[in-house]
Amino acid sequence: MVPANFRCGIEILNDDRTKMEFVVLILMKHFGQVKSDAHRTMLAIHNRGGILLAMTSLEEAQRVADAVSRDAAKLSFPLVCRAVSVTN
């Protein structure tokens, strides 16, 4: 499940309560994806149970994960979005 050359980034997990439309919106807002790409990513999260999105640094990943988690909490969505890194 870890993409090739993945060092750090964001893990987003699927759940049965967070609306798909919300996931598309956060992918556009926090990850800069266009709507069609965000929709594809949302479907990948839904179908695979989660996804890893690479970022340039763990600090940036943590900032984005915190922002996504705040947005989800405002709407009482249990979306799990966290910064992760792979150590060798």
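The values are calculated or read from the model by the stated rules, or taken from the named source; none is laboratory data. If you're wondering where the values come from, they're calculated on a predicted model, not measured in any experiment. Quick reminder, even Gly has a Cβ in these numbers, built from the backbone with ideal geometry, and neighbours come from all protein chains shown.
Which members of region 1-25 meet the condition of being β-branched (Val, Ile, Thr) and under 15 Å from residue 83 (Cβ atoms)? Residues satisfying the conditions are 2, 10, 12.
If you go through region 78-88 and keep only what is surrounded by fewer than 17 Cβ atoms within 10 Å (Cβ to Cβ) and either part of a strand (DSSP E or B) or in contact (Cβ under 8 Å) with a residue 60 or more places away in the chain (or both), you end up with 78, 80, 82, 85, 86. Here residue 64 meets the list (1) outside any helix (DSSP H, G or I); (2) modelled with pLDDT of 95 or more; (3) touching a strand residue (DSSP E or B) at 6+ places or on another chain (Cβ under 8 Å) almost entirely, failing just condition (1). Among the residues making up region 12-40, those that are within 18 Å of residue 70 (Cα to Cα) and either touching a Lys or Arg at 6+ places or on another chain (Cβ under 6 Å) or among the charged types (D, E, K, R) (or both) are 15, 17, 19, 21, 29. For region 44-52, indicate whether the set of residues that are among the basic types (Lys, Arg) and surrounded by 14 or more Cβ atoms within 10 Å (Cβ to Cβ) is non-empty. No, that holds for no residue.
Give the number of residues within region 1-37 that are free of Cβ contacts under 8 Å to residues at least 12 places away in the same chain, part of a helix (DSSP H, G or I) and of a type in the set (D, E, K, R). Qualifying residue count, region 1-37: 3.
Among the residues making up region 38-61, a single one is over 18 Å from residue 14 (Cα atoms), among the aliphatic types (A, V, I, L, M) and not in a helix (DSSP H, G or I): 55.
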